[in-house]
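No value in this document is a laboratory result; all are computed from the given coordinates. What you see is a predicted model; the values in this text were computed from it and never measured. Cβ placement follows ideal geometry from the backbone for every residue including glycine, while neighbour counts extend to all protein chains displayed.
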Amino acid sequence: MASELKKRRTILLFGTDHEVFSGRARALHKKGYHVLNASNGFEAIKLAAKVDAVVLDMHRNSAEVGLVATEIKWRQPQVPTILLTEDTIDVEGVRTLADVLVPKRDNLEMLVTALESVLLSGGKTSKLVH
């Protein structure tokens, strides 16, 4: 069933480190997900209405990603959101922006597990912090 779930799900990736995200996009595509990449915050907000889940790359120097996460949660509260975070970010401060938090240091399988969890539960899952 997890295989069927992935093959019919569209994921939006957005972050300011395009090189890292392009690698994640290729890996998720190989896992069977249809992956969209947003080139800027406006595009991410617009595309969020057309996807099954959103993965955002949050880091210390990216106010844009935080603003995008806030806007997506406000406009599309039904769309599950995963934030990839650095260990040094104040987790409590970003907890309200996402359904699941995944530290960047975790491997792709942790991201896939988080995606499957939010997709199966419709975003109604406990916040995972690994």
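Here is how the numbers come out for the structure above:
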read-out	value
Burial ordering of D52, D17, D99, fewest other beta-carbon atoms within 10 Å first	D17, D52, D99
Charge tally in the Cβ shell below 13 Å around F42, where Lys, Arg are +1 and Asp, Glu are -1, F42 excluded	-1
FRET efficiency, 1/(1 + (r/R0)^6) with R0 22 Å, evaluated for S39 and T70 via beta carbons	0.70
